[in-house]
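The structure appears below as structure tokens.
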Amino acid sequence: MKKTLSTIFGLATLSLVTLTTSCSNDDNKNDGPKSDFVVVRENLQGEINSGEVVLESGTYKLTGKLVVKNTAKLTIKPGVIIEATELGANQFEAVRYIAVAQGGKIDVQGTATNPVVMTATVKKPQAWGGLVICGKAPINKNIGSTATAEVSELAYGGTDANDNSGSIKYLRVEYPGYSYNSDKEFNGVSFFGVGKGTVVDYVQVFESSDDGFEWFGGTVDAKHLVVSNKDAALVGDDLFDWTEGWNGNGENWYGIRTNPGNRGIEADNNSNNHLAAPISFPNIKNLTLVGTTASTNGESQGMKLRVGTKGKFDNVVLKGWSTGFDVQHNESISYVGTDLLATNVKFEDVAVKSKGTATTPVTGVVPDVSKVYTENANATGAGNGSGVPNWALGWTKGL
């Protein structure tokens, strides 16, 4: 439970500063042990090193990075708004983001009628860093050991496929994607080696300047995900992205972009070693990806499957892309029809349903990857064809 200390300064013009810490009393017997971390509603930042910190209600101003360290827990109650304040140019050391380190936990307790919202005072993409979670599940970047996350500088990866980083339910992440440079950029939600013990259900990324969701290895499952990118000034990258050996399950995903961003899905195994184990091999069912033929990189693909990824997809709707399935590199091409396969696919306004490109292209030789999909005109995708599914109504934004 939390304890509130209120200090009143002045007489007529009073200002109330609430310092919230987590402890235990009869109001909430489920809360964990007391934490030494002090929550200041207008200045939320720092490291939670132990115990549980609870954000109860209202709005909290995120003024720097907030990191949940090993053994600590951050609990966020329904309806809480965390608002990242504006960052000056090139103030890299003060980038606002929320991160969960290995051994830490986050418990987002949003509901369909009262979601938790992580947003920014500047209402445009790239305003802040987003949410980063680092677990102990296997990755193929440094096999059997940890790696360092490209953002947050936290360790991730290991050997615990069932590692538990907490629970995230009914969360909306708005305007993320802060960029240090062209090679180092936050996503909306980044899963670094996150384990299957973690719950991810009903999460939206709204107007991100980089990928909506990205998995760097791990085994975590994710249900009821939404990505929407419509801002034409700071366009998003891919709606969904994975690499480094992600082996989780996905169910009920809806992604839409009307701006000239990149792909619906960009899927990799390992760009340095296409056969690195564990090989990326997610299973995803009930998927809708809506795009446009315009793209910042010259290609508009519903799914770009490359550098050795595997994957099974079922009940898929692809609408508006120049190419439905773009399969690249010999390893991924070799899996087509077996370990790289989409069944029950409905195409709407997709000019080229599939195309293949070998690792070393040969003039006049084009790989046939048409067996990467089977069609079904009655496919429903995320639940409503290319339309917004019913399960996404109410708690999301901008659909």
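Ranked from highest to lowest mean number of other Cβ atoms within 10 Å per residue, what is the order of the peptides 235-244, 267-276?
Those peptides, ordered most packed to least, come out 235-244, 267-276.
Please say if the range 292-347 is rounded, prolate or oblate, where rounded means a/c under 1.5 for a ≥ b ≥ c the square roots of the C-alpha gyration tensor eigenvalues, and otherwise the choice is prolate for a/b larger than b/c and oblate otherwise?
Since a/c reaches 1.5 but b/c is at least a/b, the shape of the range 292-347 is classed as oblate.
To the nearest 20 Debye, how big is the dipole of the range 64-112 about its Cα centre, given +1 on the beta carbon of each Lys and Arg and -1 on that of each Asp and Glu?
240 debye
Å³ per residue of the Cα convex hull, for the range 345-399?
Looking at the range 345-399, the number lands at 138 Å³ per residue.
For every other residue with a beta carbon closer than 9 angstrom to the beta carbon of VAL116, add +1 if it is Lys or Arg and -1 if Asp or Glu, then tell me the sum.
+3
Which of these, THR219, THR119, THR148, has the largest mean-square fluctuation under a Gaussian network model of the chain (Cα springs below 10 Å)?
Largest GNM mean-square fluctuation: THR148.
Which of GLY302, GLY58, GLY135 ends up with the largest GNM mean-square fluctuation for the chain, with Cα atoms connected below 10 Å?
The residue that fluctuates most here is GLY58.
Leaving out same-chain residues fewer than 8 places away, which aspartates and glutamates sit with a Cα under 14 Å from that of LYS397?
GLU174, GLU207, ASP231
Label points 7 Å out from Cα along the Cβ direction at ASN378 and SER167: separation in nm?
Going from the ASN378 label point to the SER167 one covers 3.7 nm.
Arrange the peptides 381-387, 59-65 so that the one whose residues have, on average, the most other Cβ atoms within 10 Å appears first.
The densest-packed peptide leads the list: 381-387, 59-65.
Note down the nm distance, to one decimal, between modelled labels 7 Å out along Cα→Cβ at THR258 and at ALA232.
Distance between label points: 1.0 nm.
By its C-alpha gyration tensor, with a ≥ b ≥ c as the square roots of the eigenvalues, how is the range 154-209 shaped: rounded for a/c under 1.5, else prolate for a/b larger than b/c, else oblate?
Oblate shape, in that a/c is at least 1.5 and b/c is the bigger or equal ratio.
With unit charges on the beta carbon (Lys/Arg positive, Asp/Glu negative), name the residue among LEU62, HIS224, GLY236 whose Cα is farthest towards the positive pole of the charge dipole of the chain.
Value: HIS224.
Dipole magnitude of the chain about its Cα centre, charges +1 at Lys/Arg Cβ and -1 at Asp/Glu Cβ only, in debye to the nearest 20?
Dipole about the Cα centre, nearest 20: 540 debye.
Where Lys and Arg each count +1 and Asp and Glu each count -1, what net charge lies around ALA155 among other residues with Cβ under 12 Å from its Cβ?
Local net charge: +2.
Excluding residues fewer than 8 places away in the same chain, name every one of the lysines whose C-alpha is closer than 16 Å to that of LYS34.
Within reach: LYS2, LYS3, LYS69, LYS73, LYS105.
Using Cα centres only, tell me the gap between the range 215-246 and the range 325-399 in whole Å.
Using only Cα atoms, the two centres lie 16 Å from each other.
Can you pull the percent of Cα pairs in the range 63-214 with separation above 23 Å?
Cα-Cα pairs in the range 63-214 separated by more than 23 Å: 31 percent.
Pick out which of ALA161, ALA89, ALA72 has the largest mean-square fluctuation in a Gaussian network model of the chain, springs linking Cα atoms closer than 10 Å.
Fluctuation is largest for ALA89.
Report the semi-axes of the equivalent ellipsoid for the range 41-392 in whole Å, largest first, where each axis is √(5λ) for an eigenvalue λ of the Cα gyration tensor.
So the three semi-axes of the range 41-392 are 32, 22, 19 Å.
From the square roots a ≥ b ≥ c of the eigenvalues of the alpha-carbon gyration tensor of the range 39-95, which class results: rounded (a/c under 1.5), prolate (a/b over b/c), or oblate?
Oblate shape, in that a/c is at least 1.5 and b/c is the bigger or equal ratio.
Which net charge results for the neighbourhood of ALA99, defined as the other residues with beta-carbon distances under 13 angstrom from its beta-carbon, given Lys and Arg at +1 and Asp and Glu at -1?
Summing Lys/Arg as +1 and Asp/Glu as -1 gives +1.
Counting other beta carbons within 10 Å of each residue's own, what order do LEU225, LEU305 fall into, fewest first?
By the 10 Å Cβ count, ascending: LEU225, LEU305.
Taking neighbour counts of Cβ atoms within 10 Å as a proxy for exposure, in what order, fewest first, do LEU341, LEU393, LEU131 appear?
Listing LEU341, LEU393, LEU131 from fewest to most nearby Cβ atoms yields LEU393, LEU341, LEU131.
Please list, by residue number, everything in the range 73-114 whose backbone N is under 17 Å from a paramagnetic label point 7 Å out along Cα→Cβ of TYR180.
The answer is 88-101, whose backbone nitrogens lie closer than 17 Å to the label point.
Every number in this text was worked out from the coordinates using simple rules, so none of it is lab data. The model shown is predicted, which means the values in this text are computed figures rather than measured ones. Positions of Cβ are backbone-derived with ideal geometry, glycine not excepted, and every protein chain shown enters the neighbour counts.
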